[in-house]
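Bear in mind these aren't lab numbers, they're just calculated from the coordinates by the rules spelled out. Everything numeric in this text was worked out from a predicted model, so none of it was measured. Cβ placement follows ideal geometry from the backbone for every residue including glycine, while neighbour counts extend to all protein chains displayed.
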Amino acid sequence: MDVDPTVFRLAIFVLAIFVGYYVVWSVTPALHTPLMAVTNAISSVIIVGALLAAAAQGSGGELTQSILISKGSGAVAAAFASVNIFGGFLVVRRMLAMYKKKSK
């Protein structure tokens, strides 16, 4: 008896949600700033993949439906990842400002 690939992927997705939830909520507050910086670095790698997907070319230069879907998905992924990067930098900057001594 074979398992449907959709059910298998859905099970992995649900497990990833649970693992992610418990990993994020078990992090001490002192580690949030370094983890945000690492998250921004990961998002910058995602931008590279999204730009590669957005620049997809078909053989012979023709635009097929799968190429258009790839270009659209790449553009959406690049937009979401860039919002994540810039928002993450703003949050890290704000967190680091909390550790500065206040000048009188």
Between Val3 and Phe86, the FRET efficiency computed from the C-beta separation at R0 = 41 Å comes out, to the nearest 0.05, as 0.50
Packing-ranked peptide list from 14-25, 89-100, 37-48, highest mean Cβ count within 10 angstrom first, is 37-48, 89-100, 14-25
Less than 14 Å from a label point 7 Å out along the Cα-to-Cβ axis of Ile42: which backbone N atoms in the range 62-89 qualify, by residue?
81, 84-85, 88
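If the viscosity is 0.692 mPa s and the temperature 37 °C, what Stokes-Einstein diffusion coefficient in µm²/s follows for the chain when Rh is the Kirkwood radius over Cα pairs? If you can, show how the numbers build up before the last one.
Details: Rh = 17.1 Å.
In µm²/s, the coefficient is 192.
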